[in-house]
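See below for the structure under consideration.
The values are calculated or read from the model by the stated rules, or taken from the named source; none is laboratory data. Predicted model only: the values in this text are computed from it and were never measured. Heads up, the Cβs are rebuilt from the backbone with ideal geometry, glycines too, and the neighbour counts pull from every protein chain shown.
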Amino acid sequence: MRVNIIGGGIAGCALAYMIRREGGEPVIYEAGPSLYEDGQAPEHDCSTYNPRYSAQWDENAKYFSLGYFEALRLFEEFGSEDIRWDQCGTLQLLANDKKARRYPKTVASWRGNGWSEDDIALVDAKEASDIAGLEVEKEGMFLKRAGVISPWRVCSKLINGVEVKLNQWVEDAGALPGDATILACGTKVTSFREAAHLPIKGVRGQVTFLRETAVSAKVKTTVNYGGHISPSLNGVQYIGATFQPWLKHTDLLPDDDVQNIRNLCERFPAAAGEYEVVASKAGMRAAAGDHFPVVGRLSDKVYVSSAHGSHGFVSALSSAIILAKKIVKNEDAMPEDVIRQLSPERF
Ligand SMILES: Cc1cc2nc3c(=O)[nH]c(=O)nc-3n(C[C@H](O)[C@H](O)[C@H](O)COP(=O)(O)OP(=O)(O)OC[C@H]3O[C@@H](n4cnc5c(N)ncnc54)[C@H](O)[C@@H]3O)c2cc1C
């Protein structure tokens, strides 16, 4: 079964891997000159991987758990050196009243549904400070097995053995030869007539790469304080990110770096200091009106995988497993409530 994938970002690369695993023949069409194009900061290619949290064991929790545990399995298989995998954990501070109410419910409801104490736990401010490497004033939710990877390197592994057509801007999904076509092209999916009705928009964001300082180098885990900072890699730390749904471009903005640093210093005071910006990276997150990914069938032979938002890494893997199973084997990889919640038919 030949399956065309339009878009060679993380969603497209994950789809190619999963379709091959199910026994299909994926072909990626990518408009740009390379896959997972990250031209603005290639040497600092770095991404966090963690699920999107919900207070209940609901569709969101089931969907993101699928991709998260698949990510852990795949990273083992790929080898940590090859993908710059740092399983440093992620500490989500209970930074405001909403998170203080929500995260304890998350831990209580996700535990026992595939999540062990080692996977997700509440920690008091003292434990959180030990985990972070710097003093934090709040309690936290800690995911010991989360961390950071190089998305470009992971994508290179995912497409091993896959036919890839670069510099190929596709306009008509129905015109491609094959048994099925998947639109995996982020915010651009709505340029296809099959997906023109979907309420998918771009939310611009910029991350900043900082030269480590004597203080910030002590950070041992990814700390989320309402922004986030990663541990040092070769003397550089990754902080982010801005959210600007009103901006329609991805030009780098020096003011965004200032905002990211100010956010770090104000919300994580133990890490405050003078920072040198080494590089910046801006992009568009595709997001649906209801903030849930859009994954499923659009017409007879055309499918969509988009709106992966801020948790694109894990979402890309979950959606790829679901679509690959459906298209190649006509099987559902998730319960009906999750499939329905993801479906483009909900709009
Ligand atoms: C600043 C910032 C920081 C982020 N940090 C993280 C993070 O740390 N962890 C995380 O999990 N997520 C993060 N995200 C979110 C994540 O980057 C996205 O969710 C993810 O990249 C979406 O991947 P995608 O493959 O769906 O889309 P894209 O990455 O947008 O890829 C779509 C591809 O389709 C191609 N394309 C478009 N139209 C066509 C066409 N007509 N024909 C052929 N090809 C086409 C494009 O060239 C592109 O390569 C971040 C996002 C931003 C903006």
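I'd like the residue in the range 227-244 that is of a type outside the set (A, V, I, L, M) and assigned to a loop (DSSP other than H, G, I, E, B) and, out of all such residues, is modelled with the lowest pLDDT. Break it down stepwise before answering.
Here is the first cut: in the range 227-244, the residues of a type outside the set (A, V, I, L, M) are 227-228, 230-232, 234-235, 237-238, 240, 242-244.
Imposing the further condition that a residue be assigned to a loop (DSSP other than H, G, I, E, B) reduces the set to 227, 230-232, 234-235, 242-243.
Values: 227: 97, 230: 97, 231: 97, 232: 96, 234: 91, 235: 95, 242: 97, 243: 97.
The qualifying residue modelled with the lowest pLDDT is 234.
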Check: Given the conditions (1) within 14 Å of the ligand (Cβ to nearest atom); (2) assigned by TED's automatic domain parsing to the domain that holds residue 160; (3) hydrophobic (A, V, I, L, M, F, W, C), and given that residue 19 satisfies all but one, which numbered condition is not satisfied?
Finding: (1)
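Taking residue 227, is it within 15 Å of the ligand (Cβ to nearest atom), among the small types (Gly, Ala, Ser) and touching a residue at least 60 places away in the same chain (Cβ under 8 Å)? Before the answer, list the steps.
Values: within 15 Å of the ligand (Cβ to nearest atom): yes; among the small types (Gly, Ala, Ser): yes; touching a residue at least 60 places away in the same chain (Cβ under 8 Å): no.
Judged against the criteria, residue 227 is not a match.
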Item checked: Selection status of residue 279, of a type in the set (A, V, I, L, M) and touching a residue at least 60 places away in the same chain (Cβ under 8 Å) -> yes
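Checking the conditions here, which among 157, 138, 165 is more than 13 Å from the ligand (Cβ to nearest atom), assigned by TED's automatic domain parsing to the domain that holds residue 29 and of a type outside the set (Asp, Glu)? Steps first, answer last, please.
On the way: 138 fails: assigned by TED's automatic domain parsing to the domain that holds residue 29; 165 fails: more than 13 Å from the ligand (Cβ to nearest atom).
Result of the check over 157, 138, 165: 157.
Against the definition (touching a His at 6+ places or on another chain (Cβ under 8 Å), part of a strand (DSSP E or B) and not basic (Lys, Arg)), how does residue 287 come out, yes or no?
Values: touching a His at 6+ places or on another chain (Cβ under 8 Å): no; part of a strand (DSSP E or B): yes; not basic (Lys, Arg): yes.
So residue 287 does not fit the description; no.
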Check: Looking at 323, 247, 252, 264, which one is in a helix (DSSP H, G or I), of a type outside the set (S, T, N, Q) and within 14 Å of the ligand (Cβ to nearest atom)?
Finding: 323
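With the requirement that a residue be in a helix (DSSP H, G or I), away from the ligand (no atom under 13 Å from the Cβ) and within 21 Å of residue 242 (Cα to Cα), what does the range 177-224 give you? Steps first, answer last, please.
Here is the first cut: in the range 177-224, the ones in a helix (DSSP H, G or I) are 186-191, 193-195, 216-218.
Next cut, away from the ligand (no atom under 13 Å from the Cβ) only: 216-218.
Result: 216, single match.
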Note to self: For the condition over 18 Å from the mean Cα position of the chain (by Cα), of a type in the set (Ser, Thr, Tyr) and surrounded by 22 or more Cβ atoms within 10 Å (Cβ to Cβ), what is the one hit in 216, 232?
What the structure shows: 216
Checklist line | Pairs with Cβ under 9 Å, 6+ apart, first in the range 246-264 and over 10 Å from residue 206 (Cα atoms), second in a helix (DSSP H, G or I) | finding: 264/216; 264/271
Note to self: Of the conditions (1) of a type outside the set (Phe, Trp, Tyr); (2) modelled with pLDDT of 95 or more; (3) within 15 Å of the ligand (Cβ to nearest atom); (4) over 19 Å from the mean Cα position of the chain (by Cα), residue 339 satisfies every one except a single condition; which number is it?
What the structure shows: (3)
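Looking at the range 12-28, can you tell me whether even one residue there is at negative phi and modelled with pLDDT under 95? Walk me through how you get there before you give the answer.
Within the range 12-28, the first condition is being at negative phi, and the residues that meet it are 12-22, 24-28.
Subsequent filtering for residues that are modelled with pLDDT under 95 retains none.
Scanning the range 12-28, I find no residue that is at negative phi and modelled with pLDDT under 95, so the answer is no.
Out of 29, 63, 36, 68, I need the residue that is farther than 30 Å from residue 300 by Cβ and touching a residue at least 60 places away in the same chain (Cβ under 8 Å). Which one?
Values: 29 fails: farther than 30 Å from residue 300 by Cβ; 63 fails: farther than 30 Å from residue 300 by Cβ; 36 fails: farther than 30 Å from residue 300 by Cβ.
The conditions single out 68.
Taking residue 233, is it in the same structural domain as residue 254 (by TED's automatic domain parsing), out of contact with any His (no Cβ under 6 Å at 6 or more places or on another chain) and within 15 Å of the ligand (Cβ to nearest atom)?
Details: in the same structural domain as residue 254 (by TED's automatic domain parsing): yes; out of contact with any His (no Cβ under 6 Å at 6 or more places or on another chain): yes; within 15 Å of the ligand (Cβ to nearest atom): yes.
It is true that residue 233 is in the same structural domain as residue 254 (by TED's automatic domain parsing), out of contact with any His (no Cβ under 6 Å at 6 or more places or on another chain) and within 15 Å of the ligand (Cβ to nearest atom).
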Check: Of these, 174, 161, which one is of a type in the set (Gly, Ala, Ser) and not in a helix (DSSP H, G or I)?
Finding: 161
